[in-house]
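Trainee: Before I ask anything, here is the structure I am working with.
Just so you know, all these numbers are worked out from the coordinates, no wet-lab data involved. What you are looking at is a predicted structure, and each value in this text was computed from that prediction instead of being measured.
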């Protein structure tokens, strides 16, 4: 009986250590998510005719359109340029978020995280 009790105590110590590690990971991830909110990525389309800045929160922070990109006869082209730049910016922001979180999780994919 004494041997079984000793085994249980050892498992309890491991469990406490695992809980501490999980709590630290959670704290580190929360801090990384906060930092991501302040980071941004740049993207453009049409050879720089349309430029965007997207935050780590996946929000459009800035949009710049060069005057020569505005053609009243071809609004569809401008719409396509804005869409292309924004999609590229969102892709880059998602990649940045995945890289930052991947540093903490060692590449482990955790559902619900970015």
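Trainee: Give the relative contact order (percent, whole number) for the range 2-105; include only Cα pairs under 8 Å separated by 6+ residues.
Mentor: 26
Trainee: Checking the a/c ratio against 1.5 first, then a/b against b/c, what shape does the Cα gyration tensor give for the range 2-105?
Mentor: It comes out prolate by the Cα gyration axes.
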